[in-house]
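Every number here is computed from the coordinates shown, using simple stated rules; none is lab data. In this text the structure is predicted, and so the values were computed from the model without any measurement. With ideal geometry, Cβ positions are generated from the backbone for all residues, glycine too; neighbour counts draw on all protein chains shown.
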Amino acid sequence: MGKLKRVCAWCGADMGEREGEGEEGSICPECEAKVRAGTWEAHTYVSKLARILREILAAGSARNWEKLIELAKELEELARAERDGRFFENKGQ
Ligand SMILES: [Zn+2]
């Protein structure tokens, strides 16, 4: 019997393994608490920011200027949305 990897579908946290095959999407206790408390949006913002910054570093190292400019625009949009409080309103659009 192989190992089935359990991963939080929300934040990607490793939730250990159990008997089985492949990967299983689930929700970790931390994310479940955030969803219940309605603070998931803040977490989403941090996740987006972290992803953009990671990609900026990668694109910057590769001197991929078009990608870098694209990411800079994404970062600007995220910052504007947060500043103006549009993050919540735009959800699902
Ligand atoms: Zn999680």
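Some values worked out for this structure:
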read-out: For L68, L53, order by how many other beta-carbon atoms lie within 10 Å, fewest first; value: L53, L68
read-out: Most mobile listed residue (S61, S47, S26) in the chain, GNM with C-alpha springs under 10 Å; value: S61
read-out: Residue-averaged 222 nm ellipticity for the chain, from DSSP H runs of 4+ at -39500 (n - 2.57), nearest 500; value: -19000 deg cm²/dmol
read-out: Extent along principal axes [Cα atoms of the chain; Å; largest to smallest]; value: 48, 37, 20
read-out: Residues whose placed amide H lies under 5 Å from that of E24, excluding near-sequence neighbours; value: K5, R6, V7
read-out: For the chain, cysteines whose Cβ has no other cysteine Cβ within reach (under 4.7 Å); value: C11, C31
read-out: Stretch gain in nm, segment A37-K73, where the contour uses 0.36 nm per residue and the Cα spacing is subtracted; value: 9.9 nm
